[in-house]
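Visitor: After the structure tokens below, expect a handful of questions from me.
The values are calculated or read from the model by the stated rules, or taken from the named source; none is laboratory data. Computed from a predicted model, the values in this text were never measured in an experiment. Using ideal geometry, Cβ is built from the backbone for each residue, glycine included, and neighbour counts are taken over all protein chains shown. Accessible surface areas use protein heavy atoms only, side chains included; no ligands, DNA or RNA. Shrake-Rupley method; radii C 1.70, N 1.55, O 1.52, S 1.80 Å.
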Amino acid sequence: MKKNNTALFYTCSLIEFIARQTKNERSLVVNLLGDNIERIYKYQDVFHSEPIEKVADDFITRANIPNGQYDNVKLCRYNVPDYWDIGEVFSRLLEDCYSEEETFKGIREVYNSWISMKILNFNSDLYYQSREYIAECYRSGYIIAA
């Protein structure tokens, strides 16, 4: 996969934004979006020209994403990274662990894996570790001791 894939970055950031808006786990959002993820990825340049709030609302409605109870932002005791920052963490992980042909498989696998919840625990330091470290943890299947 090419590095700095803007379509992947936007897609991951929108997933994060939708999850925060609806207070759902990211895995649920990804699963409910289904094939809409490919549409977001393919047309990110068009969607990016509109306010992210509008795009998110359109996909929340289209995919019937309900409001949930999961609020990792509220649970954070420190500075909360914004949805662009977390979108970047996930897009880099996907770039480092999956080929371009495996993008959509990778999105489903990463967001439904153990590392997703670890990254999204904003009271830990995983989300701001180096991309190489996060990718190696994912490949290993556990958090590698420093």
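Visitor: Looking at Val73 and the list (1) modelled with pLDDT of 95 or more; (2) in a helix (DSSP H, G or I), which single condition is not satisfied?
Guide: For Val73, the failing item is (1).
Visitor: Could you tell me whether segment 4-17 includes any residue that is at pLDDT below 95, open to solvent by 90 Å² or more (accessible area, probe 1.4 Å) and closer than 18 Å to Ile107 by Cα?
Guide: Yes, that holds for at least one residue.
Visitor: Which of the residues belonging to segment 125-146 are without any contact (Cβ under 8 Å) to a residue 24 or more places away in the chain and open to solvent by less than 40 Å² (accessible area, probe 1.4 Å)?
Guide: Leu126, Cys137
Residue-wise test of (1) open to solvent by 30 Å² or more (accessible area, probe 1.4 Å); (2) closer than 19 Å to Tyr128 by Cα; (3) in a loop (DSSP other than H, G, I, E, B).
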site: Asp45; (1), (2), (3): yes, no, no
site: Val55; (1), (2), (3): no, no, no
site: Ile65; (1), (2), (3): no, no, yes
site: Gly68; (1), (2), (3): no, no, yes
site: Val80; (1), (2), (3): yes, yes, yes
site: Asp85; (1), (2), (3): yes, yes, no
site: Leu93; (1), (2), (3): no, yes, no
site: Ile107; (1), (2), (3): no, no, no
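Visitor: Now for a separate question. Yes or no: Glu100 farther than 20 Å from Ser27 by Cα and of a type outside the set (S, T, N, Q)?
Guide: yes
Visitor: Ok, one more. Among the residues of segment 18-41, write down those that are surrounded by fewer than 16 Cβ atoms within 10 Å (Cβ to Cβ) and either under 13 Å from Asn72 (Cβ atoms) or basic (Lys, Arg) (or both).
Guide: The answer is Lys23, Arg39.
Visitor: Continuing with the same structure: Criterion first (assigned to a helix (DSSP H, G or I) and open to solvent by 40 Å² or more (accessible area, probe 1.4 Å)) does Glu102 satisfy it?
Guide: yes
Visitor: Being of a type in the set (Asp, Glu) and at pLDDT below 95 is the filter here, so list the residues in segment 118-142 that pass it.
Guide: Residue satisfying the conditions is Asp125 alone.
Visitor: Filter segment 113-124 for residues that are part of a helix (DSSP H, G or I) and surrounded by fewer than 17 Cβ atoms within 10 Å (Cβ to Cβ) and give the result.
Guide: Answer for segment 113-124, where residues must be part of a helix (DSSP H, G or I) and surrounded by fewer than 17 Cβ atoms within 10 Å (Cβ to Cβ): Trp114, Met117, Lys118.
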